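*Asks:* Here's a structure for you.
The values are calculated or read from the model by the stated rules, or taken from the named source; none is laboratory data. Predicted model, so just to flag it, every value in this text is computed and none were measured. Ideal geometry is used to build each Cβ from the backbone, glycine not excepted, and the neighbour counts take in all protein chains shown. Accessible surface areas use protein heavy atoms only, side chains included; no ligands, DNA or RNA. Shrake-Rupley method; radii C 1.70, N 1.55, O 1.52, S 1.80 Å.
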Amino acid sequence: MPDIINILPDSVANQIAAGEVVDRPASAVKELLENALDAGATKIQLIVKDAGRTLIQVVDNGCGMSDSDARLCFERHATSKIHKADDLFAIHTMGFRGEALASIAAIAQVELRSKQHDNELGTQVIIEGCDIKEQSSCNCPSGTSIAVKNLFFNVPARRNFLKKDSIELSHIEEVFKRVALINYTVDYSFFHNGKMLYDLHGGHFIERIAQMFGQNYRERLYPVEEETDVVKIKGFVSKPEYARKSRGEQYLFVNHRFIKHPALNAAIEKAYTDLIPDHYYPTYFLHLEVDPSRIDVNIHPTKTEVKFIDESALFTILRAATKRALGQFGLATELEFNPIQEVDFPPAPKDYVPQQPKVHYDPNYNPFNTSGKSNPTSSPSPVGGFGTSRPKGTQWTSFFDIKKEEIIDTAPQQTSLPEVEKEPQANKQPCLQLNGSYIVSTLTSGLLVIDQQAAHERIIYDRLLSQETPSAAQQLLFPVNCQFSPADADLFSELIPDLQKQGFEIGTLGQTTFVVSATPTEIKDSELQQLFDQMLSDYKGSMMQHFADRRQCLCRSLARQMAVKPGTPLQQAEMQQLIADLFCCHIPHVSPSGKKIMAIIPPEKLLNNV
Ligand code: ADP
Ligand code: MG
């Protein structure tokens, strides 16, 4: 049998290796930004076109490269950062593997221009799919510019796998944030399709956080500072009242590198025990400095995971430091850790006309009229949003009898609807609230238990999704400004038409600030920013997971946040209204996020578990 093994040519080997390092435009951005930092740059420009599909360019004022280094840097395992195996235990740079540029050059057309500070002329290298096409001298500023064009031009499978631009851009923005946040003394600018998204000036950590996330973060955070033999901790954690429903804004860095470390993240969250509700998460920006010989950053090719020798000590110190910050400053009324106090609101655009606040009232409203004949729009449902299209004042039970036929007629495919649909007896029974979270009623076939939050979520979701014309809105007495990061602001602008359908009135005020002048009646204006932040993070999450329909994602997110929370006491009438509304829904037994809404426990099983 002939020999069948051959050594792959470099171009193929590099393309395979590239899959590890560059899986989407954001990973190329990360490598280029880190190289610029390793080169000692104090000014870094990131220029992106079409979410990185056609161009990713990083321009820095770092040390630059010699003519031969400018060629050699595209070879695999070409690095100036380590020389021998021992150096792996004393890494002070972001890169050290020497594979990023080789990988990028294997899957894109790359133009590099670089000049060392004491040279007159720079050098230009053009390389495509690992082939050096040209090298020549050129006039260029000191430092390095690397332009990566047409990423994945020779790997169509990868190219086709890319998500829509707004999603790829949000990945790039996340990478940019992770790098720019912790390298806060460096100036950064970030352009996308010619529009400047960030213009950051070197300064203190808190200034960088405020520049990137909004000036209001200065009041939302407590400083953390701790120095021990094992670790030096510096940074900020959020006040408990600013905890969020998602883990989005948790930034932990080790030796200037963003890391994901579930145990350390848990240490910080543990410090908030009893201070924030379940399923809420603190925001934090924390930098740990540890001796490089005590960590191993060599675990994962994209290097967000690290291993610590002193992990359990670190856990304890981090939790204690966070707790101390919360305790120490939790008592203080005002915090003085802002080196700069200016508020950075963009000026209002020329054509912006502030809306006169309006107060709506119902002239027919009579608080002593209990006949239920007042204007239906002026009598909101008891806990907000329980009303669907059904007539008010109807007993849910009788309404349910009608609905039963309708459901059977219009949705014959739903053969496995819960038992309760065949239980007209249910209407005679009163309801009971259990643990502030469940509604209990009885049926002839057993005990009906309903998760009040999941049920309400289903009711609101169906209502939001079905409404084509804006729902009843409340004009806000004081319009509320909401601020987002530039990429989130773009995403938010895309969602405005859908939000308008739900009764929001939203205007723009500069590139990243929006003015909300009306909201659906159930929404509290004090929670708007949090509601939108959560909606954007849900939206990005579901878009990334399933490419789901935009309107559905939005309604699902709004419904989740508008739904009555566990622990909210409900009156008898409210519970009955909720059950009635629930049975108007097409799928009353599962919430839009897939949670089971109800259970029926037959009498014979009731005592089984006792
Ligand atoms: P690594 O960063 O792991 O060393 P890379 O492939 O990212 O590997 O880069 C290879 C080498 O190219 C680096 O070690 C560095 O010497 C040089 N280099 C890359 N980018 C720059 C830059 N922006 N300025 C100066 N030198 C650079
Ligand atoms: Mg590198």
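*Asks:* Could you check the spin-label model distance between THR316 and ASP187? Points 7 Å from the Cα along Cα→Cβ, value in nm.
*Replies:* Taking the two extended label points, one gets 4.7 nm.
*Asks:* Just the projected area, averaged over all directions, of the convex hull on the alpha carbon atoms of the range 1-48: how many nm²? Could you put the intermediate results ahead of the total?
*Replies:* Values: hull surface 20.1 nm².
The Cα convex hull of the range 1-48, projected and averaged over all directions, gives 5.0 nm².
*Asks:* Tell me, what % of the accessible area of the range 135-251 is carbon and sulfur with a 1.4 angstrom probe?
*Replies:* Result for the range 135-251: 48 percent of the exposed heavy-atom area is carbon or sulfur.
*Asks:* Same structure again: Within the range 444-532, what whole-number % of the accessible surface is contributed by carbon and sulfur, with the 1.4 Å probe and all protein chains included in the calculation?
*Replies:* Whole-percent figure for carbon plus sulfur exposure: 54.
*Asks:* Output the direction-averaged projected area (hull surface divided by four) of the convex hull of the alpha-carbon atoms of the range 138-295, in nm².
*Replies:* Convex hull of Cα atoms, orientation-averaged projection: 13.6 nm².
*Asks:* For LYS133 and ARG294, calculate 0.36 nm times their separation in residues minus their Cα-Cα distance, and state this gained length in nm to one decimal.
*Replies:* This chain segment gains 53.6 nm when fully extended.
*Asks:* Quickly work out the ILE587-to-ILE309 label distance, labels modelled 7 Å from Cα along the C-beta direction, and quote it in nm with one decimal.
*Replies:* It is 5.4 nm.
*Asks:* What ³J(HN,Hα) values, in whole Hz, does the Karplus curve 6.51 cos²θ - 1.76 cosθ + 1.60 give for the range 26-35 when θ = phi - 60°, with x put for Gly and Pro?
*Replies:* My calculation for the range 26-35 gives 4, 6, 5, 4, 4, 4, 5, 5, 5, 4 Hz in order.
*Asks:* Another one. Give me the distance in nm between label points sitting 7 Å out from Cα along the Cα-to-Cβ direction at LEU434 and PHE478, one decimal.
*Replies:* Placing both labels 7 Å beyond Cα along the Cβ direction yields 4.4 nm.
*Asks:* What's the local net charge at ASP23, with K and R +1, D and E -1, over the other residues with C-beta under 13 Å away? Can you show the working numbers first?
*Replies:* Details: positive: ARG24, LYS30, ARG158, ARG159, LYS163; negative: GLU20, GLU31, GLU168.
Its environment carries a net charge of +2.
*Asks:* Can you give the FRET efficiency for VAL12 and LYS232, using 1/(1 + (r/R0)^6), R0 = 51 Å, r = Cβ-Cβ distance, to the nearest 0.05?
*Replies:* Calculated value: 0.65.
*Asks:* Also, quick follow-up: Suppose R0 equals 35 Å. What FRET efficiency, 1/(1 + (r/R0)^6) with r the Cβ-Cβ distance, do THR568 and GLU494 give to the nearest 0.05?
*Replies:* 0.60
*Asks:* Between LEU465 and HIS256, how high is the FRET efficiency from 1/(1 + (r/R0)^6) when r is the Cβ-Cβ distance and R₀ = 35 Å? Nearest 0.05.
*Replies:* 0.15
*Asks:* I'd like to compare 245-251, 567-573, 531-537, 103-109: which one has the highest average count of other Cβ atoms within 10 Å, and what's the full order after that? All intermediate terms of the calculation are to be shown ahead of the outcome.
*Replies:* Values: 245-251: 17.1, 567-573: 13.6, 531-537: 20.9, 103-109: 24.7.
Packing order, densest peptide first, comes out as 103-109, 531-537, 245-251, 567-573.
*Asks:* Quick query: amide H of CYS138 versus all other amide H atoms, modeled in the peptide plane; which residues come in under 5 Å with a sequence gap of 5 or more or a different chain?
*Replies:* Residues meeting the amide H criterion: GLY122, THR123, GLN124.
*Asks:* In addition: Keeping every protein chain present and rolling a 1.4 Å probe, give me the accessible area per residue for the range 5-154 in Å².
*Replies:* With the other protein chains kept in place, the range 5-154 gives 46 Å² per residue.
*Asks:* Averaged over all directions, how much area does the convex hull of the C-alpha atoms of the range 23-166 cover when projected, in nm²? Could the numbers behind the result be given before it?
*Replies:* Numbers: hull surface 35.7 nm².
Projected area, direction-averaged: 8.9 nm².
*Asks:* Given bins 10 angstrom wide, list per bin the percent of all Cα-Cα distances in the range 103-204, short to long.
*Replies:* 13, 30, 38, 18, 1
*Asks:* Now for a separate question. Once the piece of chain linking GLN552 and SER166 is laid out straight, how much longer is it, given 0.36 nm per residue of separation minus the C-alpha distance between them?
*Replies:* Numbers: separation 386, 0.36 × 386 = 138.96 nm, distance 1.78 nm.
Full-extension gain reported as 137.2 nm.
*Asks:* Also, quick follow-up: What does the extension gain come out to for GLU120 and SER142, with contour length at 0.36 nm per residue minus their alpha carbon separation?
*Replies:* Values: separation 22, 0.36 × 22 = 7.92 nm, distance 0.91 nm.
Result: 7.0 nm gained on full extension.
*Asks:* Where Lys and Arg each count +1 and Asp and Glu each count -1, what net charge lies around ASP488 among other residues with Cβ under 10 Å from its Cβ?
*Replies:* -2
*Asks:* Another question, if that's okay. Give me the net charge of LYS177's neighbourhood, meaning all other residues with Cβ under 13 Å from the Cβ of LYS177; Lys, Arg count +1, Asp, Glu -1. Present the calculation step by step, with values, prior to reporting the outcome.
*Replies:* Details: positive: LYS30, ARG178, ARG208; negative: GLU173, GLU174, GLU249, ASP488.
Residues near LYS177 contribute -1 overall.
*Asks:* With a 1.4 Å probe and every protein chain kept in, tell me what percent of the accessible surface of the range 58-119 is carbon plus sulfur.
*Replies:* Of the solvent-accessible surface of the range 58-119, carbon and sulfur hold 50 percent.
*Asks:* Can I ask one more? In Å and from the alpha-carbon atoms only, list the Rg and Dmax of the range 439-515.
*Replies:* 18.5, 60
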